[in-house]
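Worksheet: the structure to be examined is printed underneath.
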Amino acid sequence: MMKYLLSNKFKKPGWVLLVVGITFGIIHALNDFESDLLTVKVISLFHNDIIFSKNNGLVSIIEDSIVDEILTLMIITGGLLVGFSKEKIEDEFISKIRLSSLKWAILINYGILLFATLFFYHTNFMSIMIYNMFTPLIIFIVRFNYIVYKKTGHEE
């Protein structure tokens, strides 16, 4: 497992990206994702709402605000850097906590998804799906850091 981890030096930039991305993501969501900030021309695949429509072109150039894409990239990149960077002391115990936290994150994520599938519909379900793409990383990071803090914090 340790051979797939990044150097510990990536953890701090990861935290910055993650916290800034989540903070501004919440602000952006509270504003109903409306923003004219950073409106640029972008390449859009299957721009129409119906992907398999015969009248739908494969590639279009459209104007769009890229704020939500930037925030999404910040959250995912930051989360991956935080979650998959080595600890200062990376041993078998930390590896076990990492694996356990990853299992918990996947189980909770799919529990949320099952619940949402049964009880949320239309745009509410789509909102849950948007947030659900971040929950595995967030749950993993929170649980992993909590367990590490709890186990090592009491020993020092």
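The values are calculated or read from the model by the stated rules, or taken from the named source; none is laboratory data. Keep in mind that this is a model prediction, so the values were computed, not measured. Heads up, the Cβs are rebuilt from the backbone with ideal geometry, glycines too, and the neighbour counts pull from every protein chain shown. The accessibility values were calculated without ligands, DNA or RNA, using every heavy atom of the protein model including side chains. Shrake-Rupley method; radii C 1.70, N 1.55, O 1.52, S 1.80 Å.
Structure notes:
- Residue match in the stretch 87-108 (condition: within 30 Å of Leu38 (Cβ to Cβ) and over 13 Å from the mean Cα position of the chain (by Cα)): no
- Scope the stretch 65-75; condition open to solvent by less than 60 Å² (accessible area, probe 1.4 Å) and out of contact with any helix residue (DSSP H, G or I) (no Cβ under 7 Å at 6 or more places or on another chain); matching residues: Ser65, Ile66, Thr72
- Test for Val142: is it loosely packed, with under 14 Cβ neighbours inside 10 Å and at pLDDT 95 or above: yes
- The stretch 87-132, residues that are open to solvent by less than 100 Å² (accessible area, probe 1.4 Å) and not in a helix (DSSP H, G or I): Glu87, Glu90, Asp91, Phe120
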